[in-house]
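The values are calculated or read from the model by the stated rules, or taken from the named source; none is laboratory data. Just so it is clear, the structure is predicted and the values come from calculations on it, not from any experiment. So basically every Cβ, Gly included, is an ideal-geometry build from the backbone, and we count neighbours across all protein chains shown. Accessible surface areas use protein heavy atoms only, side chains included; no ligands, DNA or RNA. Shrake-Rupley method; radii C 1.70, N 1.55, O 1.52, S 1.80 Å.
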Amino acid sequence: MNLFSNPDTSVALTLSTLNERVAQAIDESFPDACWIQAETSDVRLQGSAGHCYLEFVEKDVFSGQIIARARGAIWARTFQRLKPYFEKETGQAFVSGLKVLVKVTVAFHKLYGYSLNVIDIEPSYTLGDLVRKRQEIIRRLQEEGIFDLNRELPFPVLPQRIAVITSPTAAGYGDFENQLMNNPAGYPFYIKLFPAVMQGEKTEESVIAALDRISRHTDCFDAVVLIRGGGSASDLNCFDSYLLAAHCAQFPLPVITGIGHERDDSVVDMIAHTRLKTPTAVAAFLIGQMDGQAGLLNGLQQSLCSRVTEVLSAQQTYLKLLAARFPSLATHRIEQNRTQLQALRSALPASQLLIMKHRTDLTEIRQFLQNGWTACVAAQNREMDLAGQFLKMVSPDYALRWGYTLILKNGKIVKHASGLSAGDEITVRFADGDHVATVQ
């Protein structure tokens, strides 16, 4: 075969011809509808037309990886019939993550490609592995008492220091940062990026590692934001993880998620403090928190200004009233004082006579006290002289001068003869001295 030979364009097929042949081959191979087992993913409704678009996926039993995927559609008329029937029979909304048994026709459009058109569904073949797994994870988190832990944390009054977990190249991160840092009010926000893989098998491990890094510096942040751009529900299955949900639920800071579109609701969303649909919605939420506090401060400022104005107005009215009444009050007070002075002036002569009388009385009292004090001192002196003479007369020295003696034993006076024994050494005290003697 000559690799460099020119192909024959006369026999080459156009793309539309090839697609037509593929469509014809599929129609011939699948002339009738068939039942298939699959799992729903990325279920979405077209509001105006009422059609339901989704993906069907099949996962490897052991690895859980998606091994097959097909685009699907349920046209509006069929969906209006199947949806209430399915939800009534199963008690489960028709959403992503359901393992279903559906009857489909196989179609291949030369412009839109391969797709499966659903014409019937078997409700008894309901919840798939994803939903069962989610329910098991939710039940386990609830039984362990950690499902509501993060939501119970108080949210910071001014959430300005934000730890962000996302992929640095994610478009959602750029939108989040731009909206937050360029907010109309000019609120200061401080963002620290903790890079992580946000899709695929390594998401769980990567996000948990980012949370561990943040946990070493929790004093530096007010909240954790977990964001990523939108995607199909099958791309967000990594957030239906027990370990990741448990880490977020028990994290000491409020966790805010914006990891999918409004129709997606992962387990991490369920346990997060605040769940929002997109990164820009998270930014709007944080700005809204600041707006709320700013509004509160503005309200307080207005209330304070209003109150101050009321007080000043009341004081101004009071001062005007005082100013109006002051002349009459002052005149009345002056007249009052003048009357009192005249009364005092009239009473002054009588007061002088009373003072002279009291002065005479005081002079007499002073003379009486002087005389009484002198007599009292003289009487006390006489009593002291008599007491001194009496003490001299009863003194032992006075008795010794009259020829009496004192017998002392061991420095103490002997009052009775029975207090002495033969051989005792005693002291005999005379008026003119002492002599030592021995009792025989």
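Tabulated data for the structure shown
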quantity: Contour excess over end-to-end distance, with Cα ends at Thr374 and Phe285 and 0.36 nm allotted per residue; calculated: 21.9 nm
quantity: Size of electric dipole in the chain: Cβ of Lys, Arg +1 and of Asp, Glu -1, about Cα centre, debye, nearest 20; calculated: 2780
quantity: Exposure rule at most 15 other beta-carbon atoms within 10 Å, DSSP loop GluC sites (Glu not before Pro): the chain longest free segment; calculated: 263-440
quantity: Coordinate range along principal axes, alpha carbons of region 199-308, Å, largest first; calculated: 63, 33, 17
quantity: Under-5 Å amide H pairs with Ala196, H placed in peptide plane, nonlocal only; calculated: Thr166, Ser167
quantity: Neighbour count of at most 16 Cβ within 10 Å plus DSSP loop: longest trypsin sites (Lys or Arg not before Pro)-free window in the chain; calculated: 264-414
quantity: Average Cα contact separation per residue, the chain, under 8 Å, 6 or more apart, as relative contact order %; calculated: 10
quantity: Theoretical FRET efficiency, 1/(1+(r/R0)^6), r = Cβ-Cβ of Gln199 and Arg307, R0 45 Å, to 0.05; calculated: 0.20
quantity: Stretchable slack from Ile66 to Ser29, in nm (0.36 nm times residue separation minus alpha-carbon distance); calculated: 10.8 nm
quantity: Stretchable slack from Thr14 to Met181, in nm (0.36 nm times residue separation minus alpha-carbon distance); calculated: 55.0 nm
quantity: Calculated FRET efficiency for the pair Glu364/Tyr404, C-beta based, R₀ 41 Å, to 0.05; calculated: 0.10
quantity: Förster radius 56 Å - calculated FRET efficiency between Gln336 and Asp385 (Cβ-Cβ, nearest 0.05); calculated: 0.25
quantity: Rounded if a/c under 1.5, otherwise prolate or oblate - the chain, Cα gyration tensor axes; calculated: prolate
quantity: Structure-based [θ]222 nm, the chain - -39500 (n - 2.57) summed over DSSP H runs of at least 4, per residue, nearest 500; calculated: -16000 deg cm²/dmol
quantity: In degrees, nearest ten, helix 279-394 long axis to first principal axis of the chain (Cα); calculated: 10
quantity: Rounded to 10°, Cα long-axis angle of helix 203-215 versus longest principal axis of the chain; calculated: 20
quantity: Other-chain or far-sequence residues with amide H under 5 Å of Ile121's (modelled H); calculated: Lys103
quantity: Length-normalised contact order for region 101-219 - Cα pairs under 8 Å, 6+ apart - percent; calculated: 17
quantity: Lys/Arg +1, Asp/Glu -1 at C-beta; the chain dipole; positive extreme among Ser124, Ala170, Leu354; calculated: Leu354
quantity: Assigned charges on the beta-carbon of Lys, Arg, Asp, Glu; region 72-176 dipole about Cα centre (debye); calculated: 360
quantity: Hz values of 3J(HN,Hα) by residue in region 131-147 - Karplus curve (6.51, -1.76, 1.60), Gly and Pro given as x; calculated: 5, 4, 4, 4, 5, 5, 5, 4, 4, 5, 5, 5, 5, 7, x, 10, 4
quantity: Region 300-440 - charge dipole about Cα centre, Lys and Arg +1 at Cβ, Asp and Glu -1, debye rounded to 20; calculated: 1040
quantity: Probe 1.4 Å, protein heavy atoms only - accessible area per residue of the chain in square angstrom; calculated: 65
quantity: Burial order of peptide ranges 163-169, 153-159 (average beta-carbon count within 10 Å, highest first); calculated: 163-169, 153-159
quantity: Sulfur and carbon atoms: percent of accessible area, the chain [1.4 Å]; calculated: 57
quantity: With Cα atoms, 0 to 90° folded angle of helix 171-181 axis to the chain main axis; calculated: 40
quantity: Shape of region 19-123, Cα gyration tensor, a/c cut at 1.5; calculated: oblate
quantity: Cut-off 18 Å, label 7 Å out along Cα→Cβ of Gln293, residues of region 170-185 by amide N; calculated: 180-185
quantity: Contact order relative to length of region 135-276, as percent, for alpha carbon pairs under 8 angstrom and 6 or more apart; calculated: 32
quantity: Positive-end residue, the chain charge dipole about Cα centroid, Cβ charges, pick of Ser313, Gln367, Thr339; calculated: Gln367
quantity: Virtual spin-label span in nm between Lys192 and Tyr53, 7 Å along Cα→Cβ; calculated: 4.2
quantity: DSSP-loop chymotrypsin sites (Phe, Trp or Tyr not before Pro) across region 358-416, with at most 15 other Cβ within 10 angstrom; calculated: Trp402, Tyr404
quantity: Farthest positive-ward along the chain dipole, Cα basis, beta-carbon charges - from Leu158, Gln301, Cys52; calculated: Gln301
